[in-house]
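Below you'll find the structure, written out as structure tokens, and then a few comments.
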């Protein structure tokens, strides 16, 4: 089905990202690429779907054949007839506002009749019970609903191969289980699934083989049986997450502290729901996890706390003094869920240094070393992998001496090693005059770093 032989890949003038990759994926298989952030997993995915060379300015050596057709000899629309893609960030998938139009978008572009499109849509609804998502505004969907829509669109396209890049990123456990059931149904229909993922617990019932990717090479190939025998400690040493689901064991928030939220109210556009957050106390020197299912307003809550939601009504005090929005903005730093929105400069070192005052270069370089970014300091941030971009954004916040630190899904798409490293580094910056807020669905991470959690 998919045959890769002696594949090398590099971006621009950088060193080779992929080095002598050779593998075969059989029809109907589910294979998993896993390994540390920046190891080359997404690059393999984007080589198979043709995006690496065409959009990332990459150069390749070797061959990729799909159904015995050389990918390099095919136009992108021809590859799209063979391979569907589900991206880490579902926002990059959409071309329409309406969900039904989005599902039918590809079919319309390949010239199917209305009757044929209706048949495909009904066939998809027989397999995936997601009728409730039809004719909705895409931008009012939760993160989980968007990802579900992307997977449904990949099925309705009719391709035999579906590649998925970190499909569980930023999703709560409920939506991960929904996606798991969708993947099982896709496999049952005979689809070939190629998945790059760090959070692997939900895939253990689906995978046939696992490829461990390290430094752009296939370090080892495992059968499902062999992979299941690997103990958790060994997995963690390899930079991999646990095979079993992690339970959150952090205690709930205590009713004390000198940072007092008497009231936050925020009405969401176009819906009847509104965010209400009242009479909550936070203590200086502590780290708080904010948890809850997708779509409840966790990211919105962070923006309200920071003071960048203009429409919010709030009453917030520090040491008995009321803080206006402008006051909170001055003492806050944020790592956004989608870090692509906060990378502005032409190099990693410039990005991390941006907005810092009275901070020695030695301190900045030390943080880059701790986050395994020093060797990338002269690279353009947008040329990095998703996990590397995430660490750049984290480094930029840690270099600022802000009193309130906010992290929105800081370990999204991140391997075990970097997750624990980030936990350690954030813990190092804790002090009696700081409060750290973390929105996350990553229970392994929350267990390692938070003092308390609050449920929305």
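What follows is calculated from the coordinates using simple rules that are stated; it is not laboratory data. Please read these numbers as outputs of a predicted model, since none were measured by experiment. Cβ placement follows ideal geometry from the backbone for every residue including glycine, while neighbour counts extend to all protein chains displayed.
Do you know the relative contact order of the stretch 2-237, to the nearest whole percent, from alpha carbon pairs under 8 angstrom that are 6+ apart? Walk me through the intermediate numbers first.
Numbers: 393 pairs, mean separation 68.5, N = 236.
Reported as a whole number, the value is 29 percent.
Order of 409-419, 89-99 by packing, highest average Cβ count within 10 Å first?
409-419, 89-99
Just want to confirm a number: the relative contact order over the stretch 259-455, from Cα pairs under 8 angstrom separated by 6+ residues, in percent.
Averaging sequence separation for qualifying contacts and normalising by length gives 30 percent for the stretch 259-455.
Run lengths n ≥ 4 of DSSP H only: what is the helix-derived mean residue ellipticity at 222 nm for the chain, with -39500 (n - 2.57) per run over all residues, to the nearest 500?
Computed ellipticity for the chain at 222 nm equals -9500 deg cm²/dmol.
Given the C-alpha centroids of the stretch 187-249 and the stretch 38-71, what is the distance between them in whole angstrom?
Taking the Cα centre of the stretch 38-71 as reference, the centre of the stretch 187-249 is 22 Å away.
How big is the equivalent ellipsoid of the stretch 23-130 along its three axes, where each semi-axis is √(5λ) from the Cα gyration tensor, reported in whole Å from largest to smallest?
Three semi-axes, in Å: 28, 17, 16.
Let me know the Kirkwood hydrodynamic radius for the stretch 2-237, please, with Cα pairs as the basis and the value in Å to one decimal.
Here the Kirkwood hydrodynamic radius works out to 18.4 Å.
Once R0 is set to 30 Å, what does the formula 1/(1 + (r/R0)^6) return for the Cβ-Cβ distance between residue 189 and residue 136, expressed as a FRET efficiency to the nearest 0.05?
Result of the calculation: an efficiency of 0.75.
The stretch 287-336: percent of C-alpha pairs farther apart than 12 Å?
Values: 818 of 1225 pairs.
Here the tail beyond 12 Å accounts for 67 percent of pairs.
What is the chain's relative contact order, in percent, from Cα pairs under 8 angstrom and six or more apart in sequence? The partial results should precede the final answer.
Working: 880 pairs, mean separation 82.0, N = 456.
Contact order relative to length: 18 percent.
Any idea what diffusion coefficient the stretch 1-66 gets from Stokes-Einstein, in µm²/s, Kirkwood Rh on alpha carbon pairs, 20 °C, 1.002 mPa s?
Estimated via Stokes-Einstein, D reaches 176 µm²/s.
Highest first, please rank the peptides 108-115, 132-139 by the mean number of other Cβ atoms sitting within 10 Å of their residues.
Descending mean neighbour count gives 132-139, 108-115.
State, to one decimal in nm², a quarter of the convex hull surface area for the C-alpha atoms of the stretch 83-122, i.e. the direction-averaged projected area.
3.3
Can you tell me the Rg and Dmax of the stretch 189-286, counting just the alpha carbons, in angstroms?
Values for the stretch 189-286 (Cα only, Rg and Dmax): 22.0, 58 Å.
May I ask for the distance between the Cα centers of the stretch 78-121 and the stretch 377-456, given as a whole number of Å?
Spelled out, the Cα-based centre of one part sits 35 Å from the other.
When only alpha-carbon atoms count, how far does the stretch 106-184 stretch along each of its three principal axes, as whole angstroms with the largest first?
Cα extents, longest axis first: 38, 27, 21 Å.
Hey, can you rank 164-172, 349-357 by average C-beta count inside 10 Å, highest first?
For the peptides 164-172, 349-357, the packing ranking is 164-172, 349-357.
Pairing the Cα long axis of helix 416-428 with the longest principal axis of the chain, what angle in degrees results, from 0 to 90 and rounded to the nearest 10?
That helix lies at roughly 10 degrees to the long axis.
If you take every DSSP beta bridge whose two residues both sit in the chain, what share of them, in percent to the nearest 5, is antiparallel?
The antiparallel fraction comes to roughly 50 percent.
For the stretch 259-455, what class follows from the C-alpha gyration tensor (a ≥ b ≥ c being the square roots of its eigenvalues): rounded when a/c is under 1.5, otherwise prolate if a/b is larger than b/c, else oblate?
The shape class here is prolate.
Taking R0 as 45 Å, what FRET efficiency do you get between residue 109 and residue 284 from their Cβ-Cβ distance, rounded to the nearest 0.05?
Numbers: r = 55 Å, r/R0 = 1.23.
Working from the Cβ atoms, E equals 0.20.
Using alpha carbons only, how many degrees (0 to 90, rounded to 10) separate the axis of helix 173-188 from the longest principal axis of the chain?
It is inclined by approximately 0 degrees.
What's the angle, to the nearest 10 degrees (0 to 90), between helix 361-370's Cα axis and the longest principal axis of the chain?
Helix 361-370 and the main axis of the chain meet at about 50 degrees.
List, largest first, the extents of the alpha carbons of the stretch 374-449 along their principal axes, each in whole Å.
Here the spans come out as 36, 27, 17 Å, largest first.
Give me the one-decimal nm value for the distance between modelled label points at residue 126 and residue 219, 7 Å along each residue's Cα-to-Cβ direction.
4.4
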